[in-house]
1. Once the Cβ-Cβ distance between His145 and Lys120 is put in as r, and R0 is 30 Å, what FRET efficiency do you end up with, to the nearest 0.05?
2. Any idea how far apart Asn214 and Ile42 come out in nm if each label point goes 7 Å out from Cα toward Cβ?
3. Too long at a 24 Å Cα-Cα cut-off: which of Lys120/Lys193; Lys211/Lys303; Lys125/Lys166; Lys110/Lys153; Lys137/Lys211; Lys22/Lys120?
Amino acid sequence: MNQHNYDLSVYREALDKSNKVKSLLITSTVFICAMSLIIELIGLSGHRYEEYLSALAVLVVAFWVYWYLQIKPSNRSVDILQKSSEIYYTLEDKLRIIKEIEDAVLLFKKPDASLEDVSKFIAGKLNVFPRNHELRKFDVSRLNHETSLELFKISLSTFKADIQEKVSRKKVNIPEEFEKIDELENSTDRLVKLNNIATSRLKEEVEALSKRANVYIVIGSVITIGSGVLLYGAIQDMIGSSSGLSSPSHDVTLGANEILSISTRLSIVVFAEVFAFYYLRLYREIMANIKYYQNEITNIEMKILALHAVESGNCTESLKVLSEELAKTERNFVIDKGKTTIDLERTRLDSDVVTKSLESFTKVIKGVKS
């Protein structure tokens, strides 16, 4: 087994594992929702069933996050599997398969023909069309209708005419021209493969970081919204307490229990917001890392593009200068000693703001204690 086949088998195993775990998680989520609805309808609220379901729901959410970060295959893996399923036909093979489809279409006119078998036969031949062609994903069950059948035949004949034109040009043109075209196509294919190999690890890292960033932004947003709801409830309780105690002849005073309850809620809100700020800051740092990796991918692509320009054969002086400039591309700037950039200054300013905020918060706490 060569390396390519080994990679495809690994990608297929990862995709199968991801689909199985995803099906299990979907089943668990539906089960929890159904049990919650049943408990609500039966009237078992307040029992331990709700506690068990809450713990199970938290566990399922944790497994969803784990599946998203660790088990779900990357888009690159799915794209590789899709491309590996593609079958590349020669022009002669395409004409032969189109002829088979045309013969099968004629069977729709025969009353004793099995339309189901004919439809399955045609559906198995549709991979002869390119992925972006309108007939690639054509619904063959529509061929039972006269209009759909005629439109299918028109598109099929147009595609066949294009293939026949390419075959005729191939026979008429000079062999040397085809050799140059083949050499250029081989060079392009080789550089595309080189680019994929050189940037594959960086692209996988970018995708992994994007997943983590999505999780962090969701966690930070949920904590922020929850803190806002809790703060709103604390303020409403404060207003309700003051409204209940107010009278024309008495001043509004809050007891120790009310003050303790409100201060406890406010402390929880501040504590939760610190965690939300932490996750949102992680999200920002990850986005900066993603930008760095994307710049590295751009650097590699520019160097490979310069190599392709030099390999083209007709390398003029202006093309050499352009290739040199492309090879010198550096998106992640190297900073000399004693110099700085806008990003570094922004990071330093953010650190100063955080430090000053913590110092002010510490002074407030000390003032309250004293």
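Readers should treat all values here as calculations from the given coordinates under stated rules, not as data from a laboratory. Please read all numbers here as calculations on a predicted model, not as lab measurements. Cβ atoms come from the backbone with ideal geometry, glycine included; neighbour counts cover every protein chain shown.
1. Details: r = 18 Å, r/R0 = 0.59.
That pair, His145 with Lys120, gives E of 0.95.
2. 3.6 nm
3. Numbers: Lys120/Lys193 36 Å; Lys211/Lys303 29 Å; Lys125/Lys166 21 Å; Lys110/Lys153 16 Å; Lys137/Lys211 31 Å; Lys22/Lys120 30 Å.
Over 24 Å Cα-Cα: Lys120/Lys193; Lys211/Lys303; Lys137/Lys211; Lys22/Lys120.
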